[in-house]
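Working notes for the structure below.
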Amino acid sequence: MEKFNIQSNNEGISRVENYISMLCGEKNVYNHFATISMAVLQAVENAVVHGNKNDASKVVSIECGEFLGGIYFEVEDQGDGFDFAQYGNLPAAGGKGDGIFMMKLLADKMEYSKQGRCVRMEFLIKGIDAADAMKRRSTLARFHALGSVNV
């Protein structure tokens, strides 16, 4: 697991993009760069603009790590949070929620915590085949629901 902070500005966003590029090269999963970077950079931009309100004195925390079958990113801002349940299904009129919709579409799993100040996105690296990825997601969901290995 690696965790770092960026300031709420464009330089911070560029730093995250460079980090994702380096990570994908390191993990030999560069073919996933576009999917991962588009989703994570959207989350970071949302944190900077909507969460921290472009306040450069506030930071955005980014955590990245591995889980069985993939890579996860958590992006957390220092804002007030928001009601994330009303966003992400389909973009609303006027583009409201487009970024969250895209993040949800690109990540294999996405969930908010801390009253909407933190988003976790998981990207299945091993599950390139859509049917295999769905089977894995279903199995993981049952595993977590049952809390045991017997799924």
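Key figures for this structure:
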item: Any hit, region 71-88, residues being at pLDDT below 95, under 20 Å from E122 (Cα atoms), of a type in the set (D, E, K, R) and outside any loop (DSSP other than H, G, I, E, B); result: no
item: Selection status of Y87, among the aromatic types (F, W, Y), surrounded by fewer than 20 Cβ atoms within 10 Å (Cβ to Cβ) and without any contact (Cβ under 8 Å) to a residue 60 or more places away in the chain; result: no
item: Filter pass, F73 being open to solvent by less than 10 Å² (accessible area, probe 1.4 Å) and in contact with a Gly (Cβ under 9 Å, 6 or more places away or on another chain); result: yes
item: Filter pass, E111 being under 12 Å from the mean Cα position of the chain (by Cα), open to solvent by 40 Å² or more (accessible area, probe 1.4 Å) and more than 15 Å from F123 (Cα to Cα); result: no
item: When residues of region 114-141 are limited to those that are exposed (fewer than 12 other Cβ atoms within 10 Å of the Cβ) and either of a type in the set (A, V, I, L, M, F, W, C) or more than 19 Å from F33 (Cα to Cα) (or both), the one modelled with the lowest pLDDT; result: I128
item: Selection count where residues are open to solvent by less than 20 Å² (accessible area, probe 1.4 Å), in contact with a Lys or Arg (Cβ under 8 Å, 6 or more places away or on another chain) and not small (G, A, S), scope region 39-63; result: 2
item: Close pairs from region 11-22: first on the phi < 0 side of the Ramachandran plot and of a type outside the set (A, V, I, L, M), partner surrounded by 14 or more Cβ atoms within 10 Å (Cβ to Cβ) and in a helix (DSSP H, G or I), Cβ under 8 Å, at least 6 apart; result: G12/V44; G12/V48; E17/S37; E17/L41; S21/F33; S21/S37
item: Among (1) out of contact with any Ser or Thr (no Cβ under 8 Å at 6 or more places or on another chain); (2) over 19 Å from L23 (Cβ atoms); (3) hydrophobic (A, V, I, L, M, F, W, C); (4) at pLDDT 95 or above, the one test that V44 misses; result: (2)
item: Residues being hydroxyl-bearing (S, T, Y) and either under 17 Å from G116 (Cβ atoms) or more than 17 Å from the chain's Cα centre (by Cα) (or both) - total across region 1-29; result: 1
item: Single condition L105 does not satisfy, out of (1) aliphatic (A, V, I, L, M); (2) at pLDDT 75 or above; (3) crowded, with 16+ Cβ neighbours inside 10 Å; result: (3)
item: Where F33 falls short, out of the listed (1) part of a helix (DSSP H, G or I); (2) within 16 Å of M110 (Cβ to Cβ); (3) not hydroxyl-bearing (S, T, Y); result: (2)
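The values are calculated or read from the model by the stated rules, or taken from the named source; none is laboratory data. This one's a predicted model, so the numbers in the text were calculated from it and none came from an experiment. Glycine also receives a Cβ, built like all others from the backbone with ideal geometry; neighbour counts cover every protein chain displayed. Ligands, DNA and RNA are stripped out before the accessible areas are found, and what is left, the full protein with its side chains, is counted by its heavy atoms. Shrake-Rupley method; radii C 1.70, N 1.55, O 1.52, S 1.80 Å.
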